[in-house]
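Derivation of every value follows stated rules applied to the coordinates shown; laboratory data play no part. All values derive from a computational prediction rather than experimental measurement. As a convention, Cβ positions derive from the backbone with ideal geometry for all residues, glycine included, and neighbour counts pool all protein chains shown.
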Amino acid sequence: MMIPPFLSIDTTTRHVSLDASNPAFYSDPNTVYAALHAHCPTFYWEQQKQWFFTGYDHVNSLLRDRRFGRQILHIASREELDLPEPDKHVANFDLAERYSLLELEPPEHTRLRTLVNRAFVSRHVERMKPELAELANKLIDGFEKDNEVELLSAFSDIIPVTMIARMIGIPEEMGPQLLKWSHAYIRMYLFGRTREDEDGAERAAKEFSDYVKTVIAERRADPRDDLLTHMIHTEHKGQYLTEDELVSTTIVLLNAGHEATVHQIGNSVRIILDSGRDPADLFKDEATTERTVEESLRICAPVHIFQRWALEPVEIDGISFKRGDKVSLILAAANLDPAKFSDPLAFRPDRNEAPNLSFGAGIHFCIGAPLARLELNVVLPILFERLPGLRLARTPVVKDVYHFHGLDRLDLAW
Ligand code: HEM
């Protein structure tokens, strides 16, 4: 297996040097992941100063391993871990994150997730299928006659935010504003964020939280059949969500609810067009469509890295971690492990191998996976059916936001 020139691997120390902002890497991370699988699947990334795992079995078991958590401050103090005090200039961001499902561990996580889950999955997802199809068709009606489109702005950006806003009960006309807040907000999760990113995220968190509070007040006064009303009124063992919990949960659902799905619609369309396969075969019935969607999620996942804290001393793959160490799991690389997937870089929807790990595993498994899967399974076949002869009008450019993986533009013609 060739090692690309911008990647340096010391197999003795398992140290890797790789600039995440190098376009040769983030435009085509799969080639690097293949080299890492061949030479050094568990590695210390010098620039990130952390151990990373790419092996499927390691990533899968670490996601489920209760000796690791997304949070550690529930069992250890900042002093004990030698962590700096929280920055005051991102106080509103921290408050909005305080009760995010992604920032909690049991028992708080279990309570919150149970409350959201009940209202979320059971009643609201499947029944959105007809309106999802209607929205996709309406958007295509708007550009079908043009014979060309920039798909992200005209289609992918609009569908997930509209659906999650409807589901929560946020007015649809807030869509563009929600996208702006969300884009500013998620810059906090990127490698090498700047003070400007932090100030932007702080402003977005404040405005976003204030806005959500006004909608919560409206729903308290005037309940409706939407997720926010359900979250306000659903109880678990006699407890209701507090105002801060409602704000955090609404924000995490709105952000997570569209960002990854937007990227994945673009990534899927691109991989299907690149594959040269006939869309009529790939979407010929529901079962085949499902396999096409899952293969796209495997080979070009929209979010690559998730981190965990070691909650106690633990050794994995010969590496000793102490309490308070952080590890990174590259889900998108685990999906390419040659020990699990034959010819892993090939797009082969008919493969019947391990499930992809793009939605994670264990207690933090993506709560929105049923919604994201429904969106992909409904809108992709409609797009390819309505626009026969769909092709790339220009080579797509990958966004410079690794560890998210998505496109800047997707110019198509038919
Ligand atoms: C293709 C689209 C999506 C992908 C690839 C994706 C991926 C993921 C992954 C990998 C996790 C687990 C993170 C971890 O273990 O550290 C996660 C968690 C989560 N996702 Fe998604 N997601 C997608 C769409 C959605 C949607 C549509 C929603 C909202 C409706 C959503 C809401 C969430 C939430 C709230 C969590 C946190 C769950 C918890 O911590 O218990 N996601 N997602």
Note to self: Which residues does the label zone of SER320 cover in the stretch 25-62, counting backbone N under 18 Å from a point 7 Å along Cα→Cβ?
What the structure shows: 44, 51
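Work out how much length ASP94 to GLU108 would gain on full extension: take 0.36 nm times their residue separation and subtract the Cα-Cα distance, in nm to one decimal. Display every interim value, and only then the final one.
Details: separation 14, 0.36 × 14 = 5.04 nm, distance 1.70 nm.
Gain on extension, ASP94 to GLU108, equals 3.3 nm.
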Next item on the list: Scan the chain and report its longest stretch carrying no GluC sites (Glu not before Pro) that are both in a DSSP loop and have at most 15 other Cβ atoms within 10 Å.
Entry: 47-234
Next item on the list: Would you calculate the separation in nanometres between label points at GLU126 and GLN50, each defined as 7 Å from the Cα along the Cα-to-beta-carbon direction?
Entry: 3.8 nm
Margin query: Report D for the stretch 121-261 in µm² per second (integer): Stokes-Einstein, Kirkwood Rh on Cα pairs, 25 °C, 0.890 mPa s.
Written below: 148 µm²/s
Check: Which of these, HIS15, HIS236, HIS183, has the largest mean-square fluctuation under a Gaussian network model of the chain (Cα springs below 10 Å)?
Finding: HIS236
Note to self: I'd like the distance between the alpha-carbon centres of the stretch 61-116 and the stretch 268-302, rounded to an integer number of Å.
What the structure shows: 36 Å
Next item on the list: Figure the gain on full extension for ARG224 and ARG394 (residue separation times 0.36 nm, minus the Cα-Cα span) and round it to one decimal in nm.
Entry: 56.7 nm
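Rg to Rh for the stretch 1-125: what is it, with Cα atoms only and Rh by Kirkwood? Write out the running numbers ahead of the final one.
Numbers: Rg = 19.1 Å, Rh = 18.0 Å.
Rounded to two decimals, Rg over Rh is 1.06.
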Note to self: Could you tell me the calculated FRET efficiency between THR242 and THR12, based on Cβ-Cβ distance and R0 = 45 angstrom, to the nearest 0.05?
What the structure shows: 0.30
Notebook entry, point to check: Can you list residues whose amide H is under 5 Å from LYS399's amide H, if they're 5+ apart or on another chain and H is modeled 1.01 Å from N?
Noted result: GLY406, LEU407, ASP408
Checklist line | Translational diffusion coefficient (Stokes-Einstein; Kirkwood radius from C-alpha pairs) of the chain at 20 °C, 1.002 mPa s, in µm²/s | finding: 96 µm²/s
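Summing +1 for each Lys or Arg and -1 for each Asp or Glu, what net charge is found among the other residues whose Cβ lies under 10 Å from the Cβ of ASP94? Present the calculation step by step, with values, prior to reporting the outcome.
On the way: positive: LYS88, ARG98; negative: ASP87, GLU97, GLU103, GLU202.
Combined, the nearby Lys, Arg, Asp and Glu give -2.
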Check: Using a simple charge model, +1 on the beta-carbon of Lys and Arg, -1 on the beta-carbon of Asp and Glu, nothing else, what dipole does the chain show about its Cα centre, in debye to the nearest 20?
Finding: 580 debye
Note to self: Would any residue of the stretch 301-320 have its amide N under 12 Å from a label point 7 Å out along Cα→Cβ of ALA76? List them or say none.
What the structure shows: 309-314
Check: So which trypsin sites (Lys or Arg not before Pro) in the stretch 58-110 end up in coil per DSSP with only 15 or fewer other C-beta atoms within 10 Å?
Finding: ARG66, ARG67, ARG98
Check: Per the Kirkwood definition applied to all pairs of different Cα atoms, how many angstroms is the hydrodynamic radius of the stretch 308-414?
Finding: 17.7 Å
Next item on the list: Given the options LEU132, LEU152, LEU81, state which has the largest fluctuation in a GNM of the chain using a 10 Å cut-off (strictly under) for Cα springs.
Entry: LEU81
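Could you pull out every whole DSSP H run in the chain that spans at least 27 Å of Cα extent along its own axis and averages -0.5 or higher on the Kyte-Doolittle scale?
Working: long enough: 195-221 (39 Å, -1.20); 243-275 (48 Å, 0.28).
Taking the DSSP H segments of the chain (at least 27 Å long, mean hydropathy at least -0.5), we get 243-275.
Which loop trypsin sites (Lys or Arg not before Pro) in the stretch 294-328, with loop taken from DSSP, have no more than 15 other Cβ atoms within 10 angstrom of their Cβ? Spell out each step's value before the answer.
Details: sites: ARG298, ARG308, LYS322, ARG323, LYS326; in loops: LYS322, ARG323.
Those that pass, being in a loop and sparsely packed, are LYS322.
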